[in-house]
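J.: Shown below is the structure under consideration.
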Amino acid sequence: MSEIVARLEGIYPEATCALEWQGEPWKLLVMGRLSAQCTDARVNIVCRELFGKYPTLSELADAPLEDIEEIIRPCGLFRTKAESIKASCILLRDSYGGVIPDDMDTLLTFPGVGRKIANLLLGDVYKKPAIVADTHCMRICGRFGMYKEGMKDPTKTEKIMSELVEGEKQSDFCHRIVQFGRDTCTARAPRCEKCPLSDLCRHGILKNTNEKEKNLLT
């Protein structure tokens with residue numbers, strides 16, 4: 001696993017979050033909630049309008065729920081997301097003085113916040129060990145051979161990967177995995193023939209072996 005981590009560092013020297021939260025943790029909280037079943041690119045576009053109209057935590061907390069719903073509609077599940085976003089902003093402002101808590105248990109008390117968002121906040125805001133077990137992470141690490149390919153259990157993925165990746169490298173590793181998943185190891189058609197990690201990847205090794213065997217038979 002350490003060699004995979006090292007190669008990804010070489011491919012993507014700058015490990016940056018795909019969500020454009022502009023260094024303001026409360027915005028990352030909001031964007032993390034919006035990212036559920038929605039692309040990061042769409043979230044970034046929607047949040048330019050959302051944060052443009054409500055540029056502070058307090059303003060978003062006080063915003064009419066219907067207005068939030070209308071702005072975030074393109075992200076899907078807009079009613080549920082708007083409700084939890086507004087409630088989380090109120091909680092963050094009124095109970096925590098606008099400062100994102102730095103522990104998992106407290107973050108999980110925020111409406112709509114699960115372990116994925118909590119780990120995103122802990123890793124990006126506080127640089128703590130944190131595996132963000134999103135769809136990219138689950139898919140790609142399964143292909144690497146860290147667990148059975150096709151497993152879609154984020155809790156198990158987080159536990160397994162947190163034991164395999166050094167703590168100080170976990171957050172950046174997850175950001176690099178997202179970029180790698182978009183560039184090379186895509187969901188529908190992984191580009192194994194052009195993958196710089198194919199010799200370290202169980203999926204890639206098996207695919208190359210099968211192709212060689214087919215060539216020998218033809």
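J.: Confirm whether T184 is surrounded by 17 or more Cβ atoms within 10 Å (Cβ to Cβ), farther than 15 Å from S35 by Cβ and assigned by TED's automatic domain parsing to the domain that holds L206.
T.: The answer is yes for T184.
J.: Which condition breaks for T157 when tested against (1) polar (S, T, N, Q); (2) farther than 19 Å from A61 by Cα; (3) surrounded by fewer than 17 Cβ atoms within 10 Å (Cβ to Cβ); (4) at pLDDT 95 or above?
T.: T157 satisfies every listed condition except (3).
J.: Additional query: Pick out the one residue from K128, K148, K152, K207 that is assigned to a helix (DSSP H, G or I) and either surrounded by fewer than 19 Cβ atoms within 10 Å (Cβ to Cβ) or not assigned by TED's automatic domain parsing to the domain that holds I90 (or both).
T.: Only one candidate passes the filter, namely K207.
J.: Let me ask something else. Count, please, the residues in segment 157-204 that happen to be part of a loop (DSSP other than H, G, I, E, B) and basic (K, R).
T.: The number of residues fulfilling the criteria is 2.
J.: Right, next: Kindly establish whether E66 is loosely packed, with under 13 Cβ neighbours inside 10 Å, more than 30 Å from T184 (Cβ to Cβ) and acidic (D, E).
T.: Yes; evaluated as a whole, the condition is true for this residue.
J.: How many of the residues making up segment 69-87 are in contact (Cβ under 8 Å) with a residue 40 or more places away in the chain and buried (at least 23 other Cβ atoms within 10 Å of the Cβ)?
T.: Looking only at that region, the number is 3.
J.: Within 30 Å of C201 (Cβ to Cβ), surrounded by 19 or more Cβ atoms within 10 Å (Cβ to Cβ) and within 22 Å of the chain's Cα centre (by Cα), is that true of G10?
T.: no
J.: Among the candidates K148, K116, single out the residue that is within 30 Å of A63 (Cα to Cα) and in contact with a helix residue (DSSP H, G or I) (Cβ under 8 Å, 6 or more places away or on another chain).
T.: K116
J.: When the residues of segment 176-193 are filtered to those that are among the aliphatic types (A, V, I, L, M) and in contact (Cβ under 8 Å) with a residue 24 or more places away in the chain, which remaining residue is nearest to A41 (Cα to Cα)?
T.: The extreme case among them is V178.
The values are calculated or read from the model by the stated rules, or taken from the named source; none is laboratory data. If you're wondering where the values come from, they're calculated on a predicted model, not measured in any experiment. Cβ sites come from the backbone with ideal geometry, for glycine too, and all protein chains shown count toward neighbours.
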